[in-house]
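Inspection log for the structure reproduced underneath, given as structure tokens.
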Amino acid sequence: MRRHLAVHAVLPAAAAALAMAFWPARPAGQVVDRRVAVLPEPTGTAVALAVLVNAGTAWETDREAGLSHLAARAVVEEVAARLDALGAVAAAHCDAAAMGFTLLAPPATWRAAANLFLDALFRTSPTDDAIARARAALVQALAREEGSPAADARLALREAHYGRYSRWARPPCGRAAEVAALDAADVRRMLRTRFVPARAAAALAGPVTAKEGLDLLGDVFGDVSLPVLLPRPHPAPGAGRRALVQPTVTTWIGWAFPLPADPDARALELLAFRIEQAVGPAPARPEIYDLGIEIERHGAGGALLISLVTAPDRAGVWAERVEDLIRRTASDRMPEAQLQEATRRYLGRRLLDLATPEARALDAARQLFFDHGHLPPDDAVRDLTPERLRRAAASLGRPARATLAPD
Amino acid sequence: MWWRGNGLWWMPVAASWAALWAAPGPAAAVQPRAAAGSDAVLGPVHIARPAGGPLVVVREQPESRLVALRLAVRVDEPRGMEGAARVVVELARPQLEAAAAALGGRASVDRTATHAVFRLVGPADEFERLAAAIRRAAAGPTDAEAGSGALAAARVVAQAQAAAELDTPEPLLRTKLREALFPELGVASGRGVDLAGLTADRLARWWGATATASRAAVVVAGGVEAARVAAAFEDWPVRASRGGRVSTVARRGGEQAAAPRPPAPQVVTPWLGLGYPASRLDPAALAVAAALLNEEFGRAGLAGASAEVWWSERRRALVLIASELPTRNGGAGAGSVRDRLERALAAAAGRADGAAVARARRRAVRDVLFAARSAEGLAEVLGTMLDRTGEPEAALQFVAALERVDAHDVASVLRALRGARPEVVEVAP
């Protein structure tokens, strides 16, 4: 009986050890060029395509403000019904430096859906009806958001950082009144001139082989050896100050820390995670209502944008804590054990953020667009060191700052 | 118990998984199975019953850096213990969330109509620690965790959740429809029961009798090998013996605690639900019919209306739910909503040609595949179907069956529904 139990105990452990020995190394078969990537995921249940196009507010004249976003939405509107018939869905995302698209399709129809979508994006023009529908929906969405203290505060920070009259200081997704004035000819012209494969990066993730993915992307994107030429703000961003007073019950504080020309994006993301852990809303910090952190990239580096919403009487204390945390990280190397604990949590967060194929595809396309390469999250985190984190914090320039407080 | 939108079904199977895994042998037998064929997108799944442990179902995804664990315990709450499962999961929540956060993961707990569900998702490299955390949480609260403060807090949360099902119109409508269509499920929320009589000792003894290996199933999806999963769930649950049987009533002498008055629902617009019993209809065709009906609702201007397939181990139903904005003369009443829903049902039957059914079928398949596109979503799809059917491969079989549905199947389902008498539930201002 005793011998039987011993076998009983050993067998599962042996089976587990054997299984681990034959477990495939990751990531399997990823193919990455300077502007396209294929992330084969054989057990996935959906295929995602992400495309980032070098268009956006940075390339628009004053008269064209919002045009890139409207054009992107019109492309999606044009093909939405035909994609639906294939069981696929597409969406557009706006950034200051790029317009992004994601397409999600079942494995059985992904190729037809991707061809249909890429054709609409790069080869054909949307109909007047599709543009009108996209414009109506976009104007409604922008109007809902405009005029809120949060929108005013975000805009004030952009103005403080980029200068009041810079293209980069405009809302990246456009303004309702400006979008309402744009016509179909403007949209088609923007699509023809700026939404072109040579100015785009793309990634596929899901149950596709590297060959299938490359065949499809190669047909559309052609020679992908040249990286995307990123726009640069002009004049160079500065450390401006803006202070707004409004009838609110909270205080909003925003910082824009300039990044160096060649930023260490992974270490900066870890820094952002540390700030979030130390200052973000938590039961122990009831006076913190919200915290947003974003790394906005452009050809001259970019900016670490932080927005903190807090109780007015505690705003000064928490502002000092944010700045002090960044100062201390820049001056003192984090102990190795502490970094390991932080990176363990940070890796978990990154993996959860990239839990879906469309999130992984969009992340890969963003890396290609801004960094001309792709690093899976675990590889990126494994290489982080206390010194890299310190250097990343020290590389931040003097921040622009904006506040919105009660009158 | 149900997915909103396009629902899923349970496929009757001749042999139960229990019989399959009752074979003798000391070690966990881990076998890959692909019941729906080699091209099944959701599978194959590996199935095991580790020694002294629960049923384990694993979808290996070697390329995934995440792993999702879902442990479900089938719950029956006897008289006097209604609502106890909600208290148990709320007691488990803090420790599970803390364990997840320490590993860079995320946790959630839930009381479905039939099960207490514990979920964790995190880095695949942390699988053993995640498994240990979920084993510990689902085994039940320790004496320290079920101290008077924690128990009181969990009771308040459980009662608030139960109240939320009654004081807003749509959850109230769903609760009433479920009670009408699935009477054997009882009142899972524990509403109307005074949870103050639920002591830590009674709760622990009841959970000890409920959370046994034979009533539990673990579904794991992501970057972990099936053998490691089976090894991690051997001999679960392990808990200190408390002895004694749980009393099934709250007070001595068999008197149940006085039921608190349910909250009055806050209703602004009339809501109507039609529940068509459909246990004998082909479930895949039923799901495609629901997708077709949802398209028809959009065409008919029934914004916010939905057609859903609900099912448990014993029954299935097609449910239509809609609300109506009040009109100037005080509202046309639920009758007009019912007319419009029934007209939509007739119109869908008239339009169920090959092209329309193919479109609806693609949408139904897409909804399942997209829901399963993350490790967490895949574990939920597999686990929910397992909870409903007792069949580890029910989700795989369902997707395969959906692909085979044709216009004739859907027409026959819609004809049967039009001839059936629905359960009607109204929630009016």
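Each value in this text was obtained by applying a stated rule to the coordinates, not by laboratory testing. None of the values given here were measured: they were computed from a predicted structure. When we count neighbours, we look across all protein chains shown, and the Cβ atoms used for this are built from the backbone with ideal geometry, even at glycine.
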**Report entry** Stokes-Einstein translational diffusion, the stretch A:27-221 - Kirkwood Rh over all Cα pairs, 0.890 mPa s, 25 °C, in µm²/s
**Finding:** 141 µm²/s
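What ranking do A:253, A:131 get, fewest neighbouring Cβ atoms within 10 angstrom at the top? Walk me through the intermediate numbers first.
Details: A:253 21, A:131 25.
Ordered by Cβ neighbours within 10 Å, fewest first: A:253, A:131.
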Query raised in the report: Tell me, in nm to one decimal, what length is gained between residue B:426 and residue B:164 on full extension, where the rule is 0.36 nm per residue of separation less the Cα-Cα distance?
Result: 92.6 nm
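Over the residues of the stretch B:306-429, compute the C-alpha Rg and express it relative to 2.2 N^0.38 Å.
Compared with the compact-globule rule of thumb, the stretch B:306-429 sits at 1.26.
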Query raised in the report: Order of B:398, A:101 from fewest to most other C-beta atoms within 10 Å?
Result: A:101, B:398
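Please report, in debye to the nearest 20, how large the charge dipole of chain A is about its Cα centre when each Lys and Arg carries +1 at its beta carbon and each Asp and Glu carries -1 there.
Working: 49 positive and 47 negative charges, 141 e Å.
My answer is approximately 680 debye.
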**Report entry** Charge-dipole axis of the stretch A:27-221 as Lys and Arg at +1 and Asp and Glu at -1 on Cβ define it, positive-most pick from A:153, A:120, A:91
**Finding:** A:153
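Quick check on the exposure proxy: order A:264, A:324, A:128 from fewest to most C-beta atoms within 10 angstrom. Working shown, then result.
On the way: A:264 17, A:324 11, A:128 14.
Ordered by Cβ neighbours within 10 Å, fewest first: A:324, A:128, A:264.
Counting Lys and Arg as +1 and Asp and Glu as -1, each charge on the Cβ, what is the dipole of the stretch A:62-213 about the Cα centre in debye, to the nearest 20?
Values: 20 positive and 17 negative charges, 78 e Å.
The calculation lands at about 380 debye.
Please state, to two decimals, what the Cα-based radius of gyration of the protein assembly as shown comes to when divided by 2.2 N^0.38 Å (N = residues).
Scaled against compact globular proteins, the figure is 1.00.
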**Report entry** Among A:402, A:362, A:271 the positive-end extreme of the charge dipole of chain A (Cβ point charges)
**Finding:** A:271
Query raised in the report: Using alpha-carbon pairs under 8 Å, 6+ residues apart, how would you state the relative contact order of chain A in percent?
Result: 24 percent
Query - Viscosity 0.692 mPa s, temperature 37 °C, Stokes-Einstein D of the stretch A:190-295 from Kirkwood C-alpha radius, µm²/s - result: 173 µm²/s
Requested in this report: Express the Stokes-Einstein translational diffusion coefficient of the stretch A:24-108 in µm² s⁻¹, to the nearest whole number, given a Kirkwood radius over alpha-carbon pairs, 10 °C and a viscosity of 1.306 mPa s.
Outcome: 107 µm²/s
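Based on the inverse mean of 1/r over its pairs of different Cα atoms, what is the Kirkwood hydrodynamic radius of the stretch B:39-186, in Å?
Kirkwood hydrodynamic radius for the stretch B:39-186: 17.2 Å.
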Query raised in the report: Can you pull the mean other chain C-beta count within 10 Å for peptide A:36-44?
Result: 4
Report summary line: The Cα radius of gyration of the stretch A:267-406, divided by 2.2 N^0.38 Å with N its residue count, comes to 1.10
Query raised in the report: Can you tell which of B:355, B:386, B:405 lies farthest toward the positive end of the dipole of the stretch B:307-422, using +1 and -1 charges on the Cβ of basic and acidic side chains (Lys, Arg; Asp, Glu)?
Result: B:355
**Report entry** Full-stretch length increase - residue B:179, residue B:280 - with 0.36 nm per residue and alpha-carbon distance subtracted
**Finding:** 34.4 nm
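If each residue of separation counts as 0.36 nm, what is the full-extension length gain between residue A:177 and residue A:394 once their alpha-carbon separation is subtracted? Could you put the intermediate results ahead of the total?
Details: separation 217, 0.36 × 217 = 78.12 nm, distance 4.10 nm.
The residue A:177-residue A:394 span can extend by a further 74.0 nm.
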Query - Fraction in percent of alpha-carbon pairs per bin - 10 Å, chain A - result: 5, 20, 28, 26, 15, 5, 2, 1, 0
Report summary line: For B:91-101, B:55-65, B:346-356, ranked highest to lowest by mean beta-carbon neighbours within 10 Å, the order is B:55-65, B:91-101, B:346-356
Requested in this report: Work out how far the C-alpha atoms of the stretch A:335-407 reach from end to end along every principal axis, then list the three figures in whole Å, largest first.
Outcome: 46, 34, 25
